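The values are calculated or read from the model by the stated rules, or taken from the named source; none is laboratory data. Keep in mind the model is a prediction, meaning the values are calculated, not measured. Here the Cβ positions follow ideal geometry from the backbone for every residue, glycine too, while neighbour counts run over all protein chains shown. Each accessible area value is taken on the protein alone, full model and side chains, heavy atoms only, with ligands, DNA and RNA left out. Shrake-Rupley method; radii C 1.70, N 1.55, O 1.52, S 1.80 Å.
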Amino acid sequence: MRKLLGFLGTLLFLAGLAAPARAAEYTIDPTHTHILFMIDHLGFAKMIGLFTDFSGNISFDPNNVTASQLHVTINTSSLDTQNAQRNKDLKGADWFNVTEFPTMTFVGRSYAKKDDHSGTITGDLTLLGVTRPVTLNVVLNKIGKNPLDKKEEVGFSARGMLKRSDFGMKTFLPAIGDEVQLILEVEAKQPSPM
Amino acid sequence: MVLADNPLILPTLACLLAGAVFAGLVRLARAPRFGAALPALVFLVGYVLVYAKIPAFPPIGATNKLFYIGLAGLLLALAAGRVRHPAVLAAAVLGALLWIAAPRLAAPDAGLYPALLLLWLGGTVVLWRLQAVGAASPAQGGGGAVALAMVMALLGGFAPLALAGGSSTSLLLALACLSGLGAATLAELVFAQGFGAGAALAALGYLAIVDTLVLITRATDALLLIALPLLVLATQAAAARLLPAAAAPWPRARAVLVSLACAVAAFLPAVFVYFRDPDTFNP
């Protein structure tokens, strides 16, 4: 009996060694995540807007980046450009049309590692009912335990660009720029251990 | 370069050109029946230049549907010689309205059905009155020029309300179309080709902008949008009755006076908005 238990113990130990490392699951921390965009205004300067209501999940293993997963949903009615009249306009039917398209989503499809701290994510962005690929250049800032809440956390900075006309948003072209720069600062946490 | 800098200039010039050329062609061809399509033609030209696209069919989203509603208005206006029954107007307004409202009908809230009813009744009354005014004689304070001027007054009054209601694009489209309709109104006033009653249906696209603003953008002052057509229609009716009989021998002067009265009435809601909150119209 003792031999049998010893054999089973060895088997379980070896099985544990042979199993592939699983990617950690993170949930985007809305308090410390910022999703901004910049767009040319008549050639004078860039207008900056941000979304304040979003959610998302990240599945990430630094040793197996290509197996990562990312899904972000943004509530388009949370758009803010620091001007009430402009917010009203941008949420209206001519721009983000938040009544008919209350959310925009980004789903990561392919992940490429450039070096230990940077890479690209190419995913499908769905905006105004149109889905187009968008590539983000991503820098992994830090991964580890948050010293305050002791949760495992990962932090990224991402930059990208899209053409709004690709999504059918052609209002005021070319006076208002077609290219939209994306700026994302993301912190995501693992759930508390049970 | 200047054209690209100001999003208003190109659509305004194009609509002006479209209105003037089309009115000229109708006169040269001696085919006033086709003149009924003019408001819709101007609308389509303005739409393509303001929104910078001809949307794919089937359209996704209310602003893309606007183009096809304008196109339907054009076809209906061309066929209006045969279909002038008020039921046709009501059906056309309702069809456009329900198409715009479709996403909200899937999950209706308390305010949706009253808004639909008001927009349907209001839109039908506006088209019906435009048709009646267009069919009336200048001596009665009506005629094609007055009907077109009433559409212009409605657009001019609507433009600032659109800006206040969260659609600077609707403001641009309204202003651009004003220039095209202005050219047509002038041609009608001078040549009296009889653009006639059918032109009312061509205003379907303009009504759809209002529908979109109320149902989709949902940031507009509904009471002012209701007050606007009431003021213009009531002013036309009152001016046509109250103008001194002495003006009757000069029908063009009568048409101009009625049109000016409508224009003044149309701007009252915008004046109200300005005095309520002067910052509303800051660019």
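Hydrodynamic estimate: the Kirkwood radius of the protein assembly as shown over Cα pairs, inserted into Stokes-Einstein at 37 °C and 0.692 mPa s, corresponds to D of 130 µm²/s.
Relative to the current alpha-carbon distance between A:ASP115 and A:GLU185, full extension at 0.36 nm per residue lengthens the span by 23.3 nm.
Put a dot 7 Å past the Cα of B:ARG241, heading toward its Cβ, do the same for A:THR31, and the two dots end up 6.8 nm apart.
Quick one: net charge around B:ASP221, please, counting Lys, Arg +1 and Asp, Glu -1 for every other residue with C-beta under 14 Å from its C-beta.
Values: positive: A:LYS88, B:ARG218, B:ARG276; negative: B:ASP277.
Overall, the nearby charge balance is +2.
Interface size, chains A and B: roughly 1900 Å² of accessible area buried, both sides included, 1.4 Å probe, rounded to the nearest 100. With a Förster radius of 35 Å, plug the Cβ-Cβ distance of A:THR122 and A:ASN146 into 1/(1 + (r/R0)^6) and report the FRET value to the nearest 0.05. Efficiency for this residue pair is about 0.75. By the compact-protein rule of thumb, 2.2 N^0.38 Å, the alpha-carbon radius of gyration of chain B corresponds to a ratio of 0.95. Ligands, DNA and RNA aside, A:ASP166 has an accessible area near 70 Å² when probed at 1.4 Å.
Using the Cα centre as the reference, give the magnitude of the dipole from point charges on the C-beta atoms of segment A:39-122 (Lys, Arg: +1; Asp, Glu: -1; all else neutral), rounded to the nearest 20 debye.
On the way: 7 positive and 9 negative charges, 15 e Å.
Roughly 80 debye for segment A:39-122.
The residues of chain B expose on average 42 square angstrom of accessible surface per residue, using a 1.4 Å probe on protein heavy atoms. If you take all other residues with their beta carbon under 14 Å from the beta carbon of A:LEU50, and give Lys and Arg +1 and Asp and Glu -1, the sum is 0.
Using the alpha carbons of segment B:1-157, what is the convex hull volume per residue in cubic angstrom, as a whole number?
With only Cα atoms used, segment B:1-157 gives 153 Å³ per residue.
Using only the heavy atoms of the protein chains and a 1.4 Å probe, how would A:THR73, A:THR33 rank by accessible area, largest first?
These residues rank, largest area first, as A:THR73, A:THR33.
Computed from Cα positions, the angle between helix A:2-18 and the longest principal axis of chain A comes to roughly 30 degrees. 222 nm [θ] for chain A, helices only, -39500 (n - 2.57) per DSSP H run of 4+, per residue, to 500? Taken over chain A, the calculation gives -4000 deg cm²/dmol.
Step by step: find N for segment B:1-90, compute 2.2 N^0.38 Å, then divide the Cα radius of gyration by it. What's the final number? All intermediate terms of the calculation are to be shown ahead of the outcome.
Working: Rg = 15.0 Å, N = 90, 2.2 N^0.38 = 12.2 Å.
In units of the globular-protein estimate, segment B:1-90 measures up at 1.24.
For the protein assembly as shown, the residue among A:LEU136, B:ALA87, A:LEU162 whose Cα projects farthest onto the positive side of the dipole built from Cβ charges is B:ALA87.
Positive contributions from Lys and Arg (+1) and negative ones from Asp and Glu (-1), summed over other residues with Cβ under 10 Å from the Cβ of A:GLY177, come out at 0. Dipole size of the protein assembly as shown about its Cα centre, with +1 on Lys/Arg Cβ and -1 on Asp/Glu Cβ: approximately 1040 debye, rounded to the nearest 20.
Result for chain A in a Gaussian network model with C-alpha springs under 10 Å: among A:ARG109, A:ARG86, A:ARG159, the largest mean-square fluctuation is at A:ARG86.
Nonpolar atom fraction for segment B:121-172, defined as the carbon and sulfur part of the 1.4 Å probe accessible area, stands at 75 percent. Computed about the Cα centre, the dipole magnitude for chain B is approximately 800 debye when only Lys and Arg (+1) and Asp and Glu (-1) carry charge, each at its Cβ.
Heavy-atom accessible surface of B:LEU231, to the nearest 10 Å², is about 60 Å², with a 1.4 Å probe and all protein chains retained.
The listed residues B:VAL42, B:VAL271, B:VAL210, once ranked by accessible area (1.4 Å probe) with the largest placed first, stand as B:VAL271, B:VAL210, B:VAL42.
Which residues of segment A:74-119 show a drop of at least 10 Å² in accessible area when all protein chains are present, compared with their chain alone (probe radius 1.4 Å, heavy atoms only, ligands and nucleic acids excluded)? Buried by the other chains: A:GLN85, A:LYS88, A:ASP89, A:GLY92, A:ALA93, A:ASP94, A:ASN97, A:THR99, A:GLU100, A:PHE101. Annotation: per residue accessible area for segment A:122-194 equals 51 Å², rounded to a whole number [probe 1.4 Å, protein chains only].
For the residues A:SER68, B:SER137, a 1.4 Å probe over the protein chains yields an accessible-area ranking, largest first, of B:SER137, A:SER68. Look at where the Cα atoms of segment B:34-99 and of segment B:250-283 average out, and the two centres are 26 Å apart.
Computed from the alpha carbon positions, the gyration tensor of segment B:107-170 leads to an equivalent ellipsoid with semi-axes of 29, 17, 6 Å, biggest first.
Over chain B, dividing the summed -39,500 (n - 2.57) contributions of all DSSP H runs of at least 4 residues by the number of residues returns a 222 nm mean residue ellipticity of -23500 deg cm²/dmol. Surface composition of segment A:29-152: carbon plus sulfur atoms contribute 54% of the solvent-accessible area (1.4 Å probe, protein chains only, all chains present). In summary, the helical segments of chain B meeting the span-like criteria, namely a full DSSP H run, a Cα extent along the axis of 20 angstrom or more and a mean Kyte-Doolittle hydropathy of at least 0.5, are B:9-29, B:62-79, B:86-105, B:112-135, B:144-164, B:168-191, B:222-242, B:251-266.
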